[in-house]
1. Say we look at the stretch 25-46 and pick out the residues that are open to solvent by 50 Å² or more (accessible area, probe 1.4 Å) and not in a helix (DSSP H, G or I); which of these is farthest from residue 75 (Cα to Cα)?
2. Residues of the stretch 55-69 being crowded, with 20+ Cβ neighbours inside 10 Å and either in a loop (DSSP other than H, G, I, E, B) or not assigned by TED's automatic domain parsing to the domain that holds residue 107 (or both), which ones?
3. Among the candidates 94, 120, which residue alone is within 12 Å of the ligand (Cβ to nearest atom) and modelled with pLDDT of 95 or more?
4. Given the conditions (1) of a type in the set (Gly, Ala, Ser); (2) touching a Lys or Arg at 6+ places or on another chain (Cβ under 6 Å); (3) exposed (fewer than 15 other Cβ atoms within 10 Å of the Cβ), and given that residue 145 satisfies all but one, which numbered condition is not satisfied?
5. Could you check residue 87 against (1) open to solvent by less than 10 Å² (accessible area, probe 1.4 Å); (2) within 16 Å of the ligand (Cβ to nearest atom); (3) part of a strand (DSSP E or B) and say which number it fails?
6. Considering only residues of the stretch 97-117 that are of a type in the set (A, V, I, L, M) and within 10 Å of the ligand (Cβ to nearest atom), which is surrounded by the most Cβ atoms within 10 Å (Cβ to Cβ)?
7. Quick one: what pairs do we get from the stretch 212-224, first residue open to solvent by 30 Å² or more (accessible area, probe 1.4 Å), second within 10 Å of the ligand (Cβ to nearest atom) and part of a loop (DSSP other than H, G, I, E, B), C-beta under 6 Å, 6+ apart or different chains?
Amino acid sequence: MNGTVYALYFSPTHTSRAVSRRAAQSLAEALNLPFEEIDLTPPAARGKAYPFAAADIVVFSFPVYGGRIPALLEDTLSLIEGNGAAAVPVAVYGNRAVEDALAEAADWLEARQMTVIAAGSFIGEHSYTAKVGHARPDESDLSQAAAFGAAIAEKLGRGDRSPVAVPGNRPYKDRAPASPGAPVTADTCTKCGLCVTGCPMGVIDKDDPAKIAPGCIKCCACVKVCPLGAKSFKDARVTAITKMLELTCKKPKTPAWFV
Ligand SMILES: Cc1cc2nc3c(=O)[nH]c(=O)nc-3n(C[C@H](O)[C@H](O)[C@H](O)COP(=O)(O)O)c2cc1C
């Protein structure tokens, strides 16, 4: 077998990255194939074409936002050149629900001439609150991601590239209406710039990180990357969702995969 195993991901708070890395590395090792990463998180990485070859296997991981794939990925997904490659969508969600995000990702990859040979959903610490899905993916989650990669290798090793059925409704649930907003910045900010480089939208001012240009998607990359906890969201919508999550979504969920 030739080709390359790719971990392709968008991951503002790094949980999707951790899962796709582990699954794709395990898959590459089992098949003795090279492994490469494509990180779609920085603004400059999106909006351009990524061509794959028929022998490639692409593990595409992303956070679930409102039961859907992040809307900002649509432009980049529409430019993927699948060329018959195998694809593995992996939804990473904050212990609430995946809803239609995995089906949506599978549909995108198939529309870009890829075959969805496996799919998975894993849990990451919720972007809004560390009390939900705390510190996940943990070692158990990552071992399961590795086992998932090995199961995909086993399938391909016996010459099976058949498509899998992926859970989710079509049409997908409606996206939540946009709610403009931005993080607030406490006086403890030292202007170290970690939030500036970590922001996937490039909207945080590099000279004055308290200034946020329009376009924030509330992904919480800045909140989680700040070592001083100087960034937070105070708007009513984020506060209400956080309260609901902490009341109803604390019971740990388990990863699921389809091979
Ligand atoms: C705007 C937004 C919407 C979200 N919607 C959901 C959701 O519908 N279901 C869920 O379980 N988690 C939801 N989450 C949580 C993320 O999916 C979860 O924390 C994920 O691990 C973040 O991935 P990342 O670390 O790769 O950024 C949402 C997070 C954000 C920022």
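1. Only one residue tops the list, namely 32.
2. 56, 64, 67, 69
3. Just one listed residue meets the conditions, 94.
4. (3)
5. Single failed check for residue 87: (2).
6. Only one residue fits best here, namely 101.
7. 224/13
Residue-by-condition table, conditions (1) more than 16 Å from the ligand (Cβ to nearest atom); (2) in the same structural domain as residue 94 (by TED's automatic domain parsing); (3) hydroxyl-bearing (Ser, Thr, Tyr):
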site: 13; (1), (2), (3): no, yes, yes
site: 30; (1), (2), (3): yes, yes, no
site: 39; (1), (2), (3): no, yes, no
site: 50; (1), (2), (3): yes, yes, yes
site: 53; (1), (2), (3): yes, yes, no
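The values are calculated or read from the model by the stated rules, or taken from the named source; none is laboratory data. Source: prediction; values computed, not measured. So basically every Cβ, Gly included, is an ideal-geometry build from the backbone, and we count neighbours across all protein chains shown. Note: accessible area is taken over every heavy atom of the protein model, side chains too, but ligands, DNA and RNA are not part of it. Shrake-Rupley method; radii C 1.70, N 1.55, O 1.52, S 1.80 Å.
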